[in-house]
Structures are given as structure tokens and as C-alpha cells.
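Please treat every number below as a calculation from the coordinates, not as lab data. Note that the coordinates shown come from a computational prediction; the quantities given were computed from them, not determined experimentally. Positions of Cβ are backbone-derived with ideal geometry, glycine not excepted, and every protein chain shown enters the neighbour counts.
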Amino acid sequence: MTSPQDQIPLSFAPRTALGEEDFLTAPCNEEACLWIGRWPDWPEGRLIVCGPPHSGKTHLGRLWQNRSGARIVDAAQVKGEAVDTLAASHLVIEMNLGDDGTAAWEEEAAFHLLNLCRERGHGILLLARQPVAGWNIALADLQSRLLASPVARIGNPDEAVVSALLVKLFSDRQLAVGQDVVHFLSLRLPRSFKAVHDAVEMLDRLALAERKRITVPLAGRVVAMMEDREK
């Protein structure tokens with residue numbers, strides 16, 4: 001029988017808080033928040049929100065879903081036989097673009113979906129990492145429709161947002177972390193949402209593996225590991 005010291009620590013997915021009160025409003029996402037608040041006054045009934053990984057696009061999609069009753073789908077679900085069903089309600093479409101900017105949807109189906117939702121008065125919120133100009137679209141009519149849609153951009157976080165995001169992510173994982181750790185990390189982590197998420201995940205795993213509390217020295221090790229990884 002293995003002792004507690006010999007057991008392998010198990011990793012559990014954190015519970016991500018996605019309520020309206022959990023969203024961190026800041027200058028970097030103010031434009032997107034204002035556009036969400038303008039619903040249903042969107043030109044053509046569409047909005048594209050673009051921003052870097054982990055910047056809160058999905059969270060904003062959930063908030064709009066709560067207000068509009070929208071259905072959340074992946075772009076890969078936009079196929080010819082599904083268009084009529086999809087156009088029966090407001091939609092949040094997670095684009096999940098490939099490295100070359102290509103979406104997994106069928107372009108003819110996407111074009112008809114945009115037109116049908118407009119005819120039926122149903123809104124579409126598209127979530128992507130980059131604006132339409134960076135998407136790989138072969139169908140000119142579809143590209144034209146998308147380029148005519150308003151775009152709300154989410155920028156990189158400042159120090160205050162990094163600090164607030166650290167607090168939220170540690171809370172999502174039910175980790176008790178002192179303000180000294182949060183302050184230390186907020187001064188040293190790159191100003192990107194992904195870096196903050198990576199740091200919290202690495203700290204969680206390291207503390208669990210070594211059965212240690214999350215302290216400034218442990219945070220320093222994670223920062224050094226992240227710096228080495230970027231070299």
C-alpha cells in the first residue's frame with residue numbers, strides 16, 4: 001500500500017466563475033462591454049468581439065447569452081443542414097480559428113446563416129482572437145458581410161487588471177493566496193491574459209506536487225520557469 005507521501009497528486013478542473021458580478025471590467029475591455037450593453041442596437045444585428053486568449057471573450061458571450069437567450073455554438077457546427085435550426089435563435093459563435101485564420105464552418109452555410117438571422121431578427125455574436133482582416137475567408141460575399149460588422153477589441157491587461165485577475169483565478173481554484181504573492185506576480189508577469197492563467201495553473205500544480213503553500217518564493221520559481229520557457 002502506498003503512503004500519502006508516495007501518492008500522485010490529482011488535477012481537478014477549476015470552477016470558472018462566469019456570472020455578471022465575476023466579470024472584470026477595465027479599460028482593456030471597455031469597448032467590448034459597451035457594445036454588449038448596446039444590444040439590441042447592433043448594426044445588422046451582429047457584433048464581433050476579438051481579443052487574445054483568456055481575455056474574457058467567452059465570459060462576455062455568457063453574459064450576452066443571459067440577456068438575450070442566445071445559443072452558444074462552435075463554428076464547426078455551422079453546416080448546411082443546420083442553418084435553419086441555428087437561425088431559430090440568437091447565436092454566440094465561438095470561432096476557434098486555426099493558426100492560418102481558417103474557421104471550421106462551411107462558408108456557404110455561414111453566409112446563409114448571417115442572412116437568415118438578419119431576416120428573422122436574431123442577433124449573432126462572434127468571438128475570435130483577431131479581427132476579420134486576419135481570417136482566411138474564400139467566399140467574398142461572406143467576407144463582405146463580416147467586414148461590415150462592428151468589431152469590439154479587447155486589449156492586453158494593465159497591472160491593476162493582472163492583479164484582479166490573479167485574485168479571481170486563485171479564487172476559482174479555491175486557493176488561499178496572500179496579497180504579497182498577488183503583488184509580487186502582478187509586477188513581474190508579462191502583461192498578457194495567457195501569462196496570468198499559465199502562472200496560476202503552474203503554481204497550483206507545483207504547490208500540489210510539493211505539498212507546499214503558495215508563497216512568494218514559490219511564485220518566484222514559477223516566474224523564473226516562465227522566463228526560461230520564453231528564451
- Query: Taking the chain as a Gaussian network, Cα atoms linked when under 10 Å apart, which of Thr102, Thr85, Thr215 shows the biggest mean-square fluctuation?
  - Reply: Thr85
- Most mobile of Glu31, Glu81, Glu44 in a GNM of the chain (Cα contacts under 10 Å): Glu81
- Item | CD proxy at 222 nm, helix term only [per DSSP H run n ≥ 4: -39500 (n - 2.57); per residue of the chain; nearest 500] | -14000 deg cm²/dmol
- Under a cut-off of 21 Å between alpha-carbon atoms, report the lysines in cross-link reach of Lys57, not counting same-chain residues fewer than 8 places apart. Lys168, Lys194
- Of the listed values (1) 52, 45, 29; (2) 60, 39, 32; (3) 62, 45, 36, grab the one calculated as Cα extents along the principal axes in Å from the structure here. (3)
- Message: Springs between alpha-carbon pairs under 10 angstrom, Gaussian network model over the chain: which of Pro217, Pro131, Pro53 fluctuates most?
- Response: Pro217
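Assign unit charges at the C-beta atoms only (+1 for Lys and Arg, -1 for Asp and Glu), then state the dipole size of the chain relative to its Cα centre in Debye, rounded to the nearest 20.
On the way: 25 positive and 30 negative charges, 109 e Å.
With Lys and Arg at +1 and Asp and Glu at -1, about 520 debye.
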